[in-house]
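See below for the structure under consideration.
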């Protein structure tokens, strides 16, 4: 169709397709600080009724990934103290399986005009923009929920 713009084909022409690899196989390199700033700028360009910015980004890199994993394991054990050793190890290492983790946290909250589900969709859109931006830069990305 003449004049039809297909953003997906443009995205894949701009960057090589990134095959889906299990997270355990990921390694460096990671985006540098300028690229991360660009990615976060891309991530926030989403529909946001009321300009609430119902998301937060937390970057985990280096030794902080292990420390955060220990804190997350402690929280998980409060919920489910009966976790077996394999489940404990999975919780402990969830942030250290990739060299960089960008957590997107939905901060949806009750609002007079904007329903929480709409705020959650805005946060989800920021996740999608982030994944697309990472892929467009030639890096691997995976969206995991918890």
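Throughout, read-outs are computed from the coordinates displayed, never taken from laboratory work. Since the model is a prediction, treat every value here as computed from it, not as a measurement. Neighbour counts are summed over all protein chains in view; Cβ atoms, including those assigned to glycine, are modelled from backbone coordinates with ideal geometry.
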Estimated FRET transfer efficiency (residue 40, residue 77; beta-carbon r; R0 25 Å; 0.05):
0.20
Theoretical FRET efficiency, 1/(1+(r/R0)^6), r = Cβ-Cβ of residue 145 and residue 51, R0 41 Å, to 0.05:
0.95
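Take every Cα-Cα pair in segment 55-146 and report what % of them are more than 18 Å apart. Numbers along the way, then the final one.
Values: 2360 of 4186 pairs.
Of the Cα pairs, 56 percent sit more than 18 Å apart.
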Fewest first, what order do 91, 70, 61 take by the number of other Cβ atoms within 10 Å?
70, 61, 91
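Order these by the 10 Å Cβ neighbour count, fewest first: 59, 100, 39.
Values: 59 13, 100 19, 39 22.
Fewest to most other Cβ atoms nearby, the residues stand as 59, 100, 39.
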